[in-house]
Amino acid sequence: MFEKEKLEKIKQGMEKYQQNVEKAVQRFPERKEKFTSTSGYEIKRLYTPLDIADLDYEKDLGFPGMFPYTRGVQPTMYRARFWTMRQYAGFGTAEESNKRYKYLLEQGQMGLSVAFDLPTQIGYDSDDPMAEGEVGKVGVAIDSLEDMEVLFDGIPLDKVSTSMTINSTAAILLAMYIAVAEKQGVPMEKLSGTIQNDILKEYIARGTYIFPPQPSMRIITDIFDFCSKNMPKWNPISISGYHIREAGSTAVQEVAFTLADAIAYVEAAIKAGLDPNVFGQRLSFFFAAHNNFLEEIAKFRAARRLWAKIMKERFNVTNPKAMLLRFHTQTGGSTLTAQQPMNNIVRVTIQALAAVLGGTQSLHTNSYDEALGLPTEESVRIALRTQQIIAYESGVADTIDPFAGSYAIEAMTSEIEKKAMEYIEKIDQMGGMVKAIEMGYIQKEIHESAYKVQLAIENGEDIIVGVNKFQIEEDLSQKEVLKVDPELEEKQKQKLKKLKEKRDNEKVKKVLNNVKKAASSDENLMPYILEAVKAYATVGEISNALREVFGEYTETIII
């Protein structure tokens, strides 16, 4: 990038600068003996062209919309249209969540993002003993197609893009979405959106798994195949680093483990006879944005470049659209504090700005009160306004990849890519991501990183404003917090009871038996699950049918 003579002059200049630094440090010692990123690599005092001397513009950066996509996946990025502003929401009943979605759309949100309650996520109905005390708590309770119809009542599914954070039961909820759309007169080929459907990260970080890894991977490849043939606008998976990061990983681990998961999905799909040039176009990703502003920008750029190389060089993909790392970002829930919660508005703004400068395709900004409870309408509106102010007032969306060429950003981008690739190579040596998860390697790495972070906070090495420094006396009990009606669970149970009384239960038995037969064969499960959903079989009933065939997963004990 720089001529040899110029680099030599810069090197000489650096030597003089170091002499000045030594004098300055004697008078004014630096705040820390060593500055490090969240991933543990050293942050240099000063970055110069010497740190990116090996950078080849065409090979390593290129142009937006062109390989290796470091500078963005679209030629004009936000100059054409902004990222999708998609606020994650869902609580209580389908009726309550429907009202929140309509409110957000009225406030200028561009797409929906559905949060499901824990029983829905792990395949239990609201009347199951396993669901007791959890109905509608962390998301909306969905037992059957009837609930899904209410959830999207009055929302035209041919005009709205919907993201659903659902994994183990993703096939069931996707089938319900298709069925609701059909009732609206919208064919499945016109639907746009995403199901998370990333089961590997559930074994690593989140725990909402049902089946063992192998049958879970089979369900995912069935969804890939079904969507490739029937839903050209739908993303059948959102490979999620977000929950890996929220569990305590570093930025490097977030990139490495997310892309290692993605490699496992691509390999499984190829083994099932699918073409990566086709299904690769609909893969999407999901990352967290945390507080280390420069590292986060570099992380997004490194992930995009590394994935393009993996698809091209490892899987021999020739279709440029199948090399793109398109991603959604959510600001870091684990970075929010219950203490001085208004400070979270500032944290979320920094994180959202990093995501935009890193080239995200869609964005959720957390509400400032989420460390206290479910977001209120006011806090949700402020979170959305944060994105809108960045988009319309800050000017950062007017030029593409404005941090490109920064010595620090380019050096960090290359460092993150290199260290993430080292992890991927190590996982390959273990036999791939599924084996690494079964051995507990990934989980242990994340646990160790999380422990180091917590230790640094407790000993005051890392400052969290309002938590371990700059504290104030405050009464958090006076803060307005949205709470789920404790009677909701009983209402949902009664609703489910009425459904089971009025539906055709003989038909339900038949379609559930068909699901079991398909699960025992090599047939694609999606048409059978869709048939079951339309007969008003419940999430729990369909999940139990699959449990009978696939069994349930027991977590690896990590010592």
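Brief remarks follow.
- For segment 166-316: relative contact order, % (alpha-carbon pairs under 8 angstrom, 6 or more apart): 23
- Which label in (1) 28.1, 90; (2) 24.3, 86; (3) 24.9, 78 gives the computed Rg and Dmax of the Cα atoms in Å: (2)
- Sequence-distant residues sharing a close amide H with PHE211 (under 5 Å, placed H): TYR553
- For LYS183, the solvent-accessible surface computed with a 1.4 Å probe is close to 130 Å², ligands and nucleic acids excluded.
- Cα gyration tensor shape for segment 197-317, rounded if a/c is under 1.5, else prolate or oblate: oblate
- With Cα atoms, 0 to 90° folded angle of helix 377-393 axis to the chain main axis: 50
- Whole-number accessible area per residue in Å² for segment 268-354, which is evaluated in the context of all protein chains at 1.4 Å: 33
- The chain: relative contact order in percent, alpha carbon pairs under 8 Å with at least 6 residues between: 18
- Peptides 500-510, 96-106, ordered by how many other C-beta atoms sit within 10 Å of their residues on average, highest first, read 96-106, 500-510.
- Dipole of the chain, positive direction: furthest Cα of LEU145, THR169, PHE300, with charges on the beta-carbon: PHE300
- Farthest positive-ward along the chain dipole, Cα basis, beta-carbon charges - from THR84, ILE463, TYR124: THR84
- Within the accessible area of the chain (1.4 Å probe), percent carbon and sulfur: 51
- Pairs from LYS44/LYS444; LYS201/LYS312; LYS495/LYS534; LYS491/LYS534; LYS16/LYS44 whose Cα-Cα separation, in the structure shown, is over 20 Å: LYS44/LYS444; LYS201/LYS312; LYS491/LYS534
- Derived scalar couplings ³J(HN,Hα) [segment 340-349; Karplus, 6.51 cos²θ - 1.76 cosθ + 1.60; whole Hz; x for Gly, Pro]: 6, x, 5, 4, 5, 4, 5, 4, 5, 5
- Nearest-ten-degree value, helix 441-458 long axis tilted from longest Cα axis of the chain: 60
- Each peptide in 259-272, 20-33 receives the mean, over its residues, of other Cβ atoms within 10 Å, and ordering these scores from highest gives 259-272, 20-33.
- Taking amide H as placed 1.01 Å from N in the peptide plane, the amide H of ILE237 sits under 5 Å from that of ILE195, SER284, each at least 5 places away or on another chain.
- Axis angle, to the nearest 10 degrees, between helix 488-502 and the longest C-alpha principal axis of the chain: 40 degrees.
- Rounded accessible area per residue of segment 1-132, 1.4 Å, Å²: 59
- J(HN,Hα) series, segment 212-228, from Karplus relation 6.51 cos²θ - 1.76 cosθ + 1.60, nearest Hz, glycine and proline x: x, x, 5, x, 5, 5, 4, 4, 4, 5, 4, 5, 3, 4, 4, 5, 4
- Each of TYR47, ASN20, LEU61 was scored by the projection of its Cα onto the charge dipole of segment 1-79, and the greatest displacement toward the positive side belongs to ASN20; charges sit on the C-beta of Lys, Arg, Asp and Glu.
- Packing-based ranking, highest mean first, of 351-364, 426-439, 304-317 given that Cβ atoms within 10 Å are counted: 351-364, 304-317, 426-439
- Cross-link check: pairs LYS159/LYS510; LYS419/LYS452; LYS159/LYS299; LYS137/LYS510 evaluated at a Cα-Cα cut-off of 28 Å; pairs beyond the cut-off: LYS159/LYS510; LYS159/LYS299; LYS137/LYS510.
- Here the Karplus relation 6.51 cos²θ - 1.76 cosθ + 1.60, evaluated at θ = phi - 60°, turns the backbone of segment 11-16 into coupling constants of 4, 5, x, 5, 4, 5 Hz, with x for every Gly and Pro.
- Size of electric dipole in the chain: Cβ of Lys, Arg +1 and of Asp, Glu -1, about Cα centre, debye, nearest 20: 1280
- Taking a ≥ b ≥ c as the square roots of the eigenvalues of the alpha-carbon gyration tensor, segment 396-484 is classed oblate because a/c is 1.5 or more while a/b is no larger than b/c.
- Solvent exposure of segment 400-548, expressed per residue, is 57 Å² of accessible area, with all protein chains present and a 1.4 angstrom probe.
The values are calculated or read from the model by the stated rules, or taken from the named source; none is laboratory data. What you are looking at is a predicted structure, and each value in this text was computed from that prediction instead of being measured. Here the Cβ is made from the backbone with ideal geometry for all residues, glycine too, and neighbour counts use every protein chain on show. Side chains included, ligands, DNA and RNA excluded: accessible areas come from the protein's heavy atoms. Shrake-Rupley method; radii C 1.70, N 1.55, O 1.52, S 1.80 Å.
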